[in-house]
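Encoded as structure tokens, the structure appears first; notes follow it.
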Amino acid sequence: MRPPTQPGRIDGPIVAIEGVSKLFGGVAAVRDVTLHVARGEVLGVLGPNGSGKTTLLRMLTGFLSPTSGRLSVAGYDTERQRMEARRHIGYVPESLPLYSHMRVREFLTFMARLRGLDPRAAEAAVAEVAAQVALGARLAAPIRTLSRGYRQRVAIAQALVHEPDVLVLDEPTNGLDPRQIIETRHFIRGLAGRRTVIMSSHILGEVEKVADRVAILLEGRLLSVEAMADTPDLEALFLSLT
Amino acid sequence: MSALGVLCRKELHATFTSPIAYAVAAVFLLVTGYTFSLTLFFTKVANLTYIFHQMYVLLILLIPVLTMRAFAEERRADTLELLLTAPVQEVWIVLAKFLAALFLVACLLAASGAYAVVLGLYGEPDWAPIYGGYLALFLLACLLVSIGTLASSLTENQVVAATCSLGACLMLWFADSAAYMVPAPLDAVVINLSLIGHFSTFVSGSLFLSDAGYYLTLSLLALFLTTRVVTDR
């Protein structure tokens, strides 16, 4: 279903972030971050508000260019081979941006076509992803009528519709009710092994329950990357670092 | 090119589901229709020169309203992030927005072609100025839409986008007046920037490549700058 992009190009990490910094004017939002993510891993990027989580994710998706350093996804440099890199990424921004004037099916088909799927493949991909995120009953609904929970499902569906290797989620449980938060956690855990998931959060418990590893950011610096299995008390680790 | 087609479809859908398009179309056709009827009844002359000049003013006033949403709305709603993280060249995104707005203006001009048909049915108009006038209006629309798209790419506030676009268009309109304050040989350059100077020759039935080149060059420049603004992140 995915457009051909020289499969099997890499043996190492599917996401490589090497010495990346981002300056806005004179202010550094991200400073010299180096981080590798393995295929099938769920990585939680944890940090307080303003720590550079969103900027880091935006550079990974190609929305922002790094001031220095390099990032690659599936072996493709996000700057020099940005089209190829973007084909391997699905991205759910924090604000869940959707086209309100469209219906759910229309929006998902548009996003699938934009990612290079032909009309028939797009139609099949939309049906498949709608079933995956339990959207089937709302496919004909106008997006403007959806609740926050359903908007989030649509946002996740558009990110998965082209079957990317890497799913990037920026604060995926923001604004959801407790049941939706639990469902989202289960959904992300369900993706582990099949896709690489990088999710940002400022909630310790969120990362603790979902991630295989946690990367802790503060004021744009990467303070630590730990395996959750080796971190019995994330709260204590976070407090000791920050 | 497939991505351009997908984006154009989305932009056309957004254009024609917005009430702005219908408001602009209603005002344009109402005002030109009213003036056409009055002019025809009073002068009994089968030409559209007066109407073309009125359309020129209307396009300068209405196209900024039409294009103000292009990027400003995408920025406000954060949907630009979706487009710019998809495997699509930024230039296609810009072109799709430009072509969708231009298509709407072309539809309005085509609808106003009814006036020429009426003249053809009941009179013997000189067709050269009519063809020239419509070509001039289309080229003018290309330039105004590209300026509006550029203004919209610079801000997330639609009113600011429309105001900046209107200001730029008015400055171009009155550029020849400013030429009197500029010493030679710069005055010739300023005169040649004037929108109306290049428009009037078309409407009089004279076609010069330099006039068409003016509109096309400035349109391409504005589209290039828009692409740079969108790409520069």
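Every number in this text was worked out from the coordinates using simple rules, so none of it is lab data. All values derive from a computational prediction rather than experimental measurement. Positions of Cβ are backbone-derived with ideal geometry, glycine not excepted, and every protein chain shown enters the neighbour counts.
Convex hull volume of the Cα atoms in the stretch B:2-231, per residue, in Å³?
134
Can you give me the P(r) profile for chain A? Cα pairs, bins 10 angstrom wide beginning at 0, each as a whole percent.
8, 32, 36, 20, 4, 0
Could you compute how fast the protein assembly as shown diffuses translationally, taking Rh as the Kirkwood radius over C-alpha pairs and applying Stokes-Einstein at 4 °C with viscosity 1.567 mPa s? Give it in µm² per second.
For these conditions, the coefficient is 52 µm²/s.
Report the charge-dipole magnitude of the stretch B:2-231 in Debye, nearest 20, computed about the Cα centre from +1 at each Lys and Arg Cβ and -1 at each Asp and Glu Cβ.
280
Taking the alpha-carbon distance from A:Lys22 and a cut-off under 15 Å, which aspartates and glutamates remain once sequence neighbours fewer than 8 residues away in the same chain are dropped?
Excluding near neighbours in sequence, the set is A:Asp32, A:Glu79, A:Glu219, B:Asp232.
Can you list the lysines whose alpha carbon sits under 26 Å from that of A:Lys209, skipping same-chain ones fewer than 8 residues off?
The reachable lysines, counting only those whose Cα sits under 26 Å from A:Lys209, are A:Lys53.
Would you mind computing the Rg to Rh ratio of the stretch A:127-242 from its alpha-carbon coordinates, Kirkwood style for Rh?
1.01
How many Cβ atoms of partner chains, on average, are near each residue of A:93-100 if near means within 10 Å of its Cβ?
4
Grab the beta carbon distance between B:Val159 and A:Arg189, set R0 = 45 Å, and tell me the FRET efficiency rounded to 0.05.
Once the sixth-power term is evaluated, E becomes 0.50.
Helix B:90-122 sits at what angle to the longest principal axis of chain B, using alpha carbons and giving 0 to 90 degrees rounded to 10?
Roughly 20 degrees, rounded to the nearest 10.
Taking the Cα atoms only, what angle lies between the long axis of helix B:127-153 and the longest principal axis of chain B, rounded to 10 degrees?
Computed tilt is about 20 degrees.
Could you name the lysines in cross-link range of B:Lys97, using Cα to Cα under 23 Å and dropping any fewer than eight places away on the same chain?
Straight-distance partners of B:Lys97: B:Lys10.
Using a Förster distance of 45 angstrom, determine the FRET efficiency expected from the C-beta separation of A:Ala131 and B:Val27, and round it to 0.05.
E between A:Ala131 and B:Val27, to the nearest 0.05, is 0.45.
Hey, what's the Kirkwood Rh for the stretch A:97-163 if you take every pair of different alpha carbons, in angstrom?
By the Kirkwood definition, the hydrodynamic radius is 11.3 Å.
How would B:Arg75, A:Arg87, B:Arg9, A:Arg179 line up from fewest to most surrounding beta-carbon atoms within 10 angstrom?
So the residues, fewest neighbours to most, are A:Arg179, B:Arg9, B:Arg75, A:Arg87.
Cα axis of helix B:19-43 to longest principal axis of chain B: angle in degrees, 0 to 90, nearest 10?
Computed tilt is about 10 degrees.
Quick check on the exposure proxy: order B:Leu135, B:Leu82 from fewest to most C-beta atoms within 10 angstrom.
In increasing order of surrounding Cβ atoms, one gets B:Leu135, B:Leu82.
Any idea which of B:Phe174, B:Leu102, B:Leu12 is furthest toward the positive side of the dipole for the protein assembly as shown, if Lys and Arg beta-carbons carry +1 and Asp and Glu beta-carbons -1?
B:Leu12
Assuming R0 = 41 Å, can you tell me the calculated FRET efficiency for the pair B:Asp78 and B:Phe42, based on Cβ-Cβ distance, to the nearest 0.05?
Step by step, r from the Cβ atoms, then E = 0.20.
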